[in-house]
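Worksheet for the structure shown next.
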Amino acid sequence: MRLFSASACPYAHRTRALLTLLGAPFELREIDLSNKPADFLALSPTGAVPLLEDDGFVLYESAVINEYLAERLAWRDAYASDLRQRALERLAMKRFDDLLLPLAFASFSTPASIESKPLWRREVEFLSKAVTGSQPSSLLGLHLATHWVRMSRAFPGNVVVAALRDALGGFLDAAAALPCVVATSPDLEAAVSAMRARFGPKPQA
């Protein structure tokens, strides 16, 4: 297996952490996102990482890759044993990526933007309930951990970050502290600085 990744990318970090957790051998190909190589672009329809190549089979999108790897590598603890809890875990991952993350990133640069989206707090409540029946060392835990380890350091006073900390901080911190997450983390000081520069408030002209 070959994984195209970028060390600073939290989405690619999810897959590095999973492969490390499961002890699966893989070739890591680090991609410079500012100068993407032609062979990578030939495989990727999006130009984004992560991208997995497994004996000629190509996948992209971190959640899809990680679910494929969980089945491919027979990871029994990827999801909870209960059918309904497994459904909640899948829904929580989708809602986190589709709704909470975009709102959080928008609020990093423009804190007032969150005021027009009051229903986001219900999403935090749902996520809190979903993790109650889950383990930090699950697909859901890895899915959340790689963003949490960055955003909780870069924007600790942000309203979304604070709400997540209050509602499920114990779960998030435990997932972020997993050895597979720590071992595959980039230089966090540099990653946090880059995140603040890219997504934080911009100086007034």
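The values are calculated or read from the model by the stated rules, or taken from the named source; none is laboratory data. These numbers were taken from a predicted model, which means no experiment stands behind them. For neighbour counting, all protein chains shown are included, and Cβ atoms are generated from backbone atoms with ideal geometry for every residue, glycine included. We work out accessible area using only protein heavy atoms, side chains counted, and drop any ligands, DNA or RNA first. Shrake-Rupley method; radii C 1.70, N 1.55, O 1.52, S 1.80 Å.
Based on the Cβ-Cβ distance from E71 to T46, what FRET efficiency comes out when R0 is 30 Å, to the nearest 0.05? My answer for the efficiency is 0.85.
In percent, rounded to a whole number, the relative contact order of segment 50-100 is 19, using alpha-carbon pairs under 8 Å and six or more apart.
Taking L18, L28, L142 in turn, the Gaussian network model of the chain (Cα-Cα springs below 10 Å) assigns the largest fluctuation to L28. Set the Förster radius R0 to 30 Å, insert the Cβ-Cβ distance between R198 and D82 as r into 1/(1 + (r/R0)^6), and round the FRET efficiency to 0.05. The calculated FRET efficiency here is 0.15. Taking all Cα pairs closer than 8 Å and separated by 6 or more residues, the relative contact order of the chain comes to 24 percent.
Projecting the Cα atoms of A78, L19, A112 onto the dipole axis of the chain, where Lys and Arg carry +1 and Asp and Glu carry -1 at the beta carbon, places A112 farthest toward the positive end.
Between D55 and R165, the contour length at 0.36 nm per residue exceeds the alpha carbon distance by 35.5 nm.
For the chain, with all protein chains in place and a probe radius of 1.4 Å, 55% of the accessible heavy-atom surface sits on carbon or sulfur. Taken about its Cα centre, the chain carries a charge dipole of about 560 debye when Lys and Arg each add +1 at the Cβ and Asp and Glu each add -1 at the Cβ.
At a probe radius of 1.4 angstrom, the accessible area of the chain per residue rounds to 51 square angstrom.
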